[in-house]
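The values are calculated or read from the model by the stated rules, or taken from the named source; none is laboratory data. These figures come from a predicted structure and were not determined experimentally. Here the Cβ positions follow ideal geometry from the backbone for every residue, glycine too, while neighbour counts run over all protein chains shown.
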Amino acid sequence: MTIGNEPRTEPQPYEPHIGETRQYWRDIILGVNDGLVSMYLLVVGVVGGGLDNAQVLLTGLAGALAGAISMAAGEYLATKSQDEVLEAEMALERVHIKDHRDLEIGQLREMFSDMGIDDTDLEAVVAAFARSDEAMLNAMKALEFGFVESERRSPYRAMFVSGALFLVGSLPSVLPFIIFDSNTVAVVWASVLALGGLFAVGAIKARVTRNNWFTSGLENMMIAGVGGLLAWLIGDAVGTALS
């Protein structure tokens, strides 16, 4: 429908945000994707190197366990360290607000101005925040440090999510060597399952980020596919050199 010569634009339907899981999507994608990619490359590489079924299975199980523990420990330490750095910065910011209030108010005024608040409203906005130390701290936390409380990540939850999903991502590359005695059959199934899993992860990520799911899935799958080919060639070369 048009009004005069101007087309009428219909409003888009309201779409809710992801919500409380948003801050953990990094752990979700990284954990399962790393499990899929690293275990697939490991398995293909040792198959190319000439290891038998039992040796490949032992290597895969050890790699899955080591990778999950490493991923979980790394995420726990990284998230906890980030939290500790933020707490130290907030403690220092409280001192700045208490002992150097005029300087902090000036910084707040500059940041609000950079956000596009009109000059006629700027002083009123700054004054509203300056009336409360806690309001100033929260404003500085968001504007100076780029942090809001709702985006805070639990070190324990990040540890569990990344470690558990690494194990889940490892399964497609390891299970075929439990089910099949033939390395050839097992590695074909591992390739199908791992690459299919990578396509699914890319597609799910695209749905969350509102991008093209097919392109994202294909990109994720092709990166691992090229990596798998290189891993097999390197494993074959090393196996031949050692034999």
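Could you please find all residues in region 145-159 being within 14 Å of Leu86 (Cα to Cα) and surrounded by 15 or more Cβ atoms within 10 Å (Cβ to Cβ)? Phe147, Arg153, Ser154, Pro155 - these are the residues of region 145-159 that are within 14 Å of Leu86 (Cα to Cα) and surrounded by 15 or more Cβ atoms within 10 Å (Cβ to Cβ). Scanning region 123-137 for residues that are surrounded by fewer than 16 Cβ atoms within 10 Å (Cβ to Cβ) and either of a type outside the set (Asp, Glu) or touching a Leu at 6+ places or on another chain (Cβ under 7 Å) (or both) gives Ala124, Ala127, Ala128, Arg131, Ser132, Ala135. Within region 204-243, the set of residues being small (Gly, Ala, Ser), part of a helix (DSSP H, G or I) and either in contact with a Leu (Cβ under 9 Å, 6 or more places away or on another chain) or modelled with pLDDT under 80 (or both) comprises Ala206, Gly217, Ala224, Gly225, Gly227, Gly228, Ala231, Gly235, Gly239.
Against the condition within 24 Å of Gly163 (Cβ to Cβ) and assigned to a helix (DSSP H, G or I), how does Gly106 come out, does it pass?
On the way: within 24 Å of Gly163 (Cβ to Cβ): no; assigned to a helix (DSSP H, G or I): yes.
Here the answer is no, as Gly106 does not meet what is asked.
For region 153-184, filtering for residues that are of a type outside the set (A, V, I, L, M) and more than 13 Å from Asp27 (Cα to Cα) leaves 10.
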